[in-house]
Every structure is written in structure tokens, then in C-alpha cells.
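Below you'll find the structure, written out as C-alpha cells, and then a few comments.
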């Protein structure tokens, strides 16, 4: 079964529809959200859905991108990423994050988790905070959301996806994922095969480790291509396993975080 899905990914169709860059992109966020849903404890599931109502985690994953055009929520823009200005070793990154006072994905995720652990938080605040915890956790696993400050996380790193002008950020947000031509439910089934040991390891890692791992991927992505390059079938073949693993890790870790908050 795994080999069948892998062949499906590699042999994905030629045609694709360019989409506006939106974090992991609509499908990517929903994949991780769907995976998270399936790894919640019963207690956490009840608590999450008491807040979300009829909205699934998969659909709640995209709320933070959908409201970007509303000026009332413009203050949230820096919450989606943490740009780094150098390559850090893990000990260096831990020191950097401990001193981090910026408004970014790391500081806001920690703040929102602490807020959700409060028992008397108004329902409206709970809903906003939960939606943002879901979204930011998933964003941290997209390599270009933990990338370089000087090119805006790859947004200014111009490349071509087949014959379409785009940028490195958008390739990882949407174009690689859309190239697989799977619905988010199909995609979640295809990649949701973490072992118990992997689940334990990924969920026990601190947020600083998530950021370090994602940034290490981003640094490799930067050095293997140059601005103006055309990315196509070979790029998909080379990076599909990394893409799928990050979507899976994002979902597994989101579930672990929600289990910790509401368990």
C-alpha cells in the first residue's frame, strides 16, 4: 500500500493550477489537521470540538490565512513564521529563542498554549487561540516559514515551477502539494503511517526542536538551487519524502500539543 501511494506521488500529473501563497496552502494545512484529528486522546477530542463546534481541525487549519485580508487581524501577520538571520546549531538556537522578544511563530505559539491552558478563558478567545495554535504549529513545519529574513522566507527567491514564474516559498506552500493531485483526506491517508516510536519521539520534542529541524531543511533547499532555476519533475521526485514527512510531523505534533493542553 505504501509503495502504491509513493508511486502515485511520483507519477503525479503534469497539469496544475497556480494558487496564491498561503502558508502550507489550503490542502497542506488540512492534511496536517486531518492527521492531528486522528491522534487526539478522547478527552482532548471532546475539548477541541467543544470549542470548534462543527468545524473540524482540518478546516480550522485555514482560518488564519482566510482572515489575512481583514485589517482587523493584520497584527497576526508575523505569527505565521520565524525568520532567522544565520545558520544556528541547536544549542545556539535554544539560546536565541530563550532571548526572543519578537512577535513571531515561536513567541506567539508559546503564549497561545499558555492561554488555552487557563480554565476561565472566554469562549471567543478560546476559539481564536485554538485556531491559531493549530495553524502556527503546522506553519512551523513548512521549511520556508523558518527560513531567511533577507528574502522574506523565500518569497524573494524567484524560480520557475515548470514554465510558471513563482518563488521558493510558494513552491513549498502549495505547488509541490498541489502537484500530487490528491484531496486532503486522500493525502492524509497516504502519509499517516508514523510508527509508535516516531510518534513518541516527535511529540516529546520541544518547539525549539521543531524549529531547528525545519530550518535545517530550509538551509539545504537554499543551497541546492539558485534564483531563476526551473523546478519540475526531478524536484518533486527529490523532495516528496521530505514534504510528506513534514506534513505528517506537523499533524502528529499538533495532536501531541492539543493532548497536552486539554488532556
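Remarks
- From least to most packed, judged by other beta carbons within 10 angstrom and beginning with the fewest, 243, 127 follow the order 127, 243.
- Each of residue 183 and residue 205 was given a label point 7 Å from its Cα along the Cα-to-Cβ line. The distance between the two points is 3.1 nm.
- Remark: segment 188-263 is approximated by an ellipsoid whose semi-axes, taken from the C-alpha gyration tensor as √(5λ), come to 28, 15, 9 Å, largest first.
- Pairwise alpha-carbon distances in segment 123-247 exceed 19 Å for 54% of all pairs.
- Largest GNM mean-square fluctuation across 142, 126, 246, computed for the chain with C-alpha springs under 10 Å, falls on 126.
- As a proxy for reagent exposure, ranking 132, 76 by other Cβ atoms within 10 Å from fewest up yields 76, 132.
- Of the peptides 160-166, 185-191, 144-150, 205-211, the order by per-residue mean of other Cβ atoms within 10 Å, starting with the highest, comes out as 144-150, 185-191, 205-211, 160-166.
- The distance linking segment 80-123 with segment 157-214 is 21 Å (Cα centroid to Cα centroid, whole angstrom).
- Kirkwood Rh (inverse of mean 1/r, distinct Cα pairs), segment 51-129, angstrom: 14.7 Å
- Between the helical axis of 207-224 and the longest alpha-carbon principal axis of the chain there is an angle of about 10 degrees.
- Projected area, mean over directions - the chain, Cα convex hull, nm²: 13.9 nm²
- Computed from the C-beta positions of residue 55 and residue 110 and an R0 of 35 Å, the FRET efficiency is 0.90 to the nearest 0.05.
- Segment 40-194: C-alpha gyration tensor shape, a/c 1.5 cut-off, then a/b vs b/c: oblate
- Distance between the 7 Å Cα→Cβ label points at residue 43 and residue 260: 1.6 nm.
- Angle of helix 25-37 to the longest C-alpha principal axis of the chain, folded into 0 to 90 degrees and rounded to 10: 50°.
- For the chain, the longest principal axis of the alpha carbon atoms and the long axis of helix 123-139 meet at an angle near 30°.
Bear in mind that the values in this text are calculations on the coordinates, not laboratory data. Here the structure is a predicted model, which is why all the values come from computation and not from measurement. Every residue, glycine as well, gets a Cβ built from its backbone with ideal geometry; the counts of neighbours run over all protein chains shown.
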